[in-house]
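The values are calculated or read from the model by the stated rules, or taken from the named source; none is laboratory data. Note that the coordinates shown come from a computational prediction; the quantities given were computed from them, not determined experimentally. Positions of Cβ are backbone-derived with ideal geometry, glycine not excepted, and every protein chain shown enters the neighbour counts. With ligands, DNA and RNA removed, areas are computed over all heavy atoms of the protein, side chains included. Shrake-Rupley method; radii C 1.70, N 1.55, O 1.52, S 1.80 Å.
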4 protein chains.
Amino acid sequence: MKVVVNLKAYPCNPVEVATAAREVSDESGVAIAVAPQAAHLQRVADTGVETWAQHVSAVEHGSHTGSTLAEAAADAGATGTLLNHSERRLKLADIDAALDAAERADLETCVCANDPDQIGAVAALGPDAVAVEPPELIGTGTPVSKADPDIVTDAVAAAESVDDSVPVYCGAGISTGEDLTAAQDLGAEGVLLASGVAKADDPKAALEDLVAPL
Amino acid sequence: MKVVVNLKAYPCNPVEVATAAREVSDESGVAIAVAPQAAHLQRVADTGVETWAQHVSAVEHGSHTGSTLAEAAADAGATGTLLNHSERRLKLADIDAALDAAERADLETCVCANDPDQIGAVAALGPDAVAVEPPELIGTGTPVSKADPDIVTDAVAAAESVDDSVPVYCGAGISTGEDLTAAQDLGAEGVLLASGVAKADDPKAALEDLVAPL
Amino acid sequence: MKVVVNLKAYPCNPVEVATAAREVSDESGVAIAVAPQAAHLQRVADTGVETWAQHVSAVEHGSHTGSTLAEAAADAGATGTLLNHSERRLKLADIDAALDAAERADLETCVCANDPDQIGAVAALGPDAVAVEPPELIGTGTPVSKADPDIVTDAVAAAESVDDSVPVYCGAGISTGEDLTAAQDLGAEGVLLASGVAKADDPKAALEDLVAPL
Amino acid sequence: MKVVVNLKAYPCNPVEVATAAREVSDESGVAIAVAPQAAHLQRVADTGVETWAQHVSAVEHGSHTGSTLAEAAADAGATGTLLNHSERRLKLADIDAALDAAERADLETCVCANDPDQIGAVAALGPDAVAVEPPELIGTGTPVSKADPDIVTDAVAAAESVDDSVPVYCGAGISTGEDLTAAQDLGAEGVLLASGVAKADDPKAALEDLVAPL
């Protein structure tokens, strides 16, 4: 299982969460990445944790003021990136071009989508992973694996029918070890988390609880 | 073969093109649809030609000022719609929702994409057809079937590998009967045209030339 | 006072509302325009009512699939257009270019904005009118003139300080004659309405009530 | 005069340019800020140069994956930000909200616009400065002060008529000391530069040449 902790624009201390994630990852052997704001990538990467961008732009080097250049994210220490998160939806052509940009910068990619049909669509673009996150469950604390387990199994089937080498992660509402194993049982090979860790009083304890069953 | 004539925002007379298209379609038996500006849908439909929207919005009835409601397009006489044209690229989630909107309004759908990877992606969303249009060839007069025939065959293969019931149209640079049969030979089941007809001195003659080989 | 009835994407009968608006306008002498979906412009204009577009694109004639060309809206009978409605917010540069497009097509313009600062900004672009519509009040039935009258007076002051020839309309929550006179007392020279008329059981009665105090 | 060096997504070494800018600023007494990619803010700020973001998002802390949070930019060392650059045009309402976000994070603001009308519009939103940059001159090496000096004087007049406390910067094609003094003579109180410094073989020499006449 892969765990990606998305810090969004939360008022958390990114270094504290990153340090906790690195420690729990080291202790448990579970791959845990932290995705901070672009401006925080370097200080997060300096903790030694696996560091992801939340987004990279569909551009190459050039006149692109205000873009998030994949190469700059990589420079700052990122080794992966989310794309098309439901809070940062992209045009189809830009998902494709951002995947190219990420590849040029040696960033691992996980493309998010809302439902199984869209998971099939993004799987066709050749990402390293896809993640199904029903927008209506994000931030609710109700895990998709409990609220609507068919979404996960259907997403796994949709990805498989298009490209059976693309692992499916699942997100939205996941916070506990039980949620994580439920996702795994449904065929997910990773999870995206956000508020469950980033807003926890004790992010390290939250992550330890999360990976305990693995 | 299906022929869709996209009038874009050209300064042509939409009724003249529509009338020509209806006549050539009646005479030749080839299905020819005309896609005018939304504000021209009704007068185009009144000619009796098959009428398509150039775009519909990813919305249902409600508070959506300035949208292009699928139901309103249908009311005005449209029976189909293009989606995600390279001049009107959509977010992936909005292609999916616009397909739902079109279905609710009984509109036939053709989703455009730039290249074979993206064709695979949009085929996964269940449209009635997909269309490959390399943006760099649009309006050039050089047909994709001549400039880069592999794009068409790869697009046909990409769509087939995802959903073998989805026909592939091809666009960009097509204007003559020779272009059309070349596209057909590469596996395309339809073509999108624009300037070749809309900007022709004699749209009817242009359409007659186009369908002559069929 | 000018009254603009925005039909949005409501499931109303645009011809019924347009006919009612024409009759009430004729009987009362109050200028009432109806803004339907682009695909309904022609049948609304055919009733003889003053017809507005809900939006026009920031483009000229050309390769702009899926745009709403100002010239096409005018062709279909529109004589005015809303721009930058809070449900169709535009980039600043596109408001400017859409105003140019509307002027080329002889469309009267009313640019919407959320608050007095933005009203000052859009007044600087030279529209025929501006409209202040606090998004949080749209569709509530609570008129801005009651919920927060300072917004209207501040908007009037902001427009005046930039260009004192630009009339200010106000929208959001307006449905009765009392709302309309309250707006007028605060300095508004027009009102935007939507659900209060479009969703009324009897649109003509709603409009008669609206203009009764004038 | 204020000088802002926009590194866009250029393949330059941001630390080298930043170090040069700090040295030339120290030696000349001219305020020079450097605006790198968000992911490079921290290493640029670590050089001691005045550091600006190229863009911040119109959001507060919260669920905004892939945003550029003003507070995160400030954390990383930014003390100012560009907004609405022609390569990152914003909706009017988002310029307004991004100005609020920048203010919350104590970032100085400079809002870009294409022409004098739009300069008047953005001046009405209360930024610390505005910058006129005709998009057709960006990257050409032909300074706006030479290609079309009226744009600068008209922009200064437009800003003044709306709010005479807002300084006007000018950009597009500026690279030499002569360009800078020409801009100053037209009423500009600052300049935006990009390729002239970022792509120079010797950025320090380019900056020394730029500020020599001051």
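Between a first residue in the range B:103-116 that is within 14 Å of chain A (Cβ to nearest Cβ) and a second residue that is charged (D, E, K, R), which pairs have beta carbons less than 6 Å apart while being 6 or more apart in sequence or on different chains?
Between residues of the range B:103-116 that are within 14 Å of chain A (Cβ to nearest Cβ) and residues that are charged (D, E, K, R), the close pairs are B:THR109/B:ASP128; B:CYS112/B:GLU133; B:PRO116/B:ASP154.
Taking C:VAL168, is it in contact with a Gly (Cβ under 6 Å, 6 or more places away or on another chain) and in contact (Cβ under 8 Å) with a residue 40 or more places away in the chain?
no
Quick one: in the range B:60-77, of everything that is within 18 Å of C:VAL56 (Cα to Cα) and touching a helix residue (DSSP H, G or I) at 6+ places or on another chain (Cβ under 7 Å), which residue is farthest from the other protein chains (Cβ to nearest Cβ)?
The selected residue is B:ALA70.
Applying the selection to the range D:11-20, what residues are open to solvent by 20 Å² or more (accessible area, probe 1.4 Å) and either within 14 Å of chain A (Cβ to nearest Cβ) or basic (Lys, Arg) (or both)?
D:PRO11, D:CYS12, D:ASN13, D:VAL15, D:GLU16
Please go through the range B:127-161 and pick out each residue that is in contact (Cβ under 8 Å) with a residue 40 or more places away in the chain and over 15 Å from the mean Cα position of the chain (by Cα).
Selection gives B:GLY141, B:PRO143, B:SER145, B:ALA155, B:ALA157, B:ALA158, B:ALA159, B:SER161.
Would you call D:ALA212 of a type in the set (A, V, I, L, M, F, W, C), under 26 Å from D:ALA9 (Cβ atoms) and at pLDDT 90 or above?
So D:ALA212 does not fit the description; no.
Could you check the range A:160-191 and list, in sequence order, the residues that are among the aliphatic types (A, V, I, L, M) and open to solvent by 10 Å² or more (accessible area, probe 1.4 Å)?
Within the range A:160-191, A:VAL162, A:VAL166, A:ALA182, A:LEU186 meet the criteria.
Would you say C:VAL122 is surrounded by 17 or more Cβ atoms within 10 Å (Cβ to Cβ), assigned to a helix (DSSP H, G or I) and away from chain D (no Cβ under 11 Å)?
Judged against the criteria, C:VAL122 is not a match.
For the range C:36-52, give me each residue that is more than 8 Å from chain B (Cβ to nearest Cβ) and in contact with a Gly (Cβ under 9 Å, 6 or more places away or on another chain).
C:VAL44, C:ALA45, C:ASP46, C:GLU50, C:THR51, C:TRP52
Mind checking which residues of the range B:21-64 are free of Cβ contacts under 8 Å to residues at least 24 places away in the same chain and buried (at least 24 other Cβ atoms within 10 Å of the Cβ)?
B:ALA39
Quick check on my filter: what residues within the range B:33-49 are within 16 Å of B:VAL197 (Cα to Cα) and under 15 Å from the mean Cα position of the chain (by Cα)?
Result: B:ALA33, B:VAL34, B:ALA35, B:PRO36, B:GLN37, B:VAL49.
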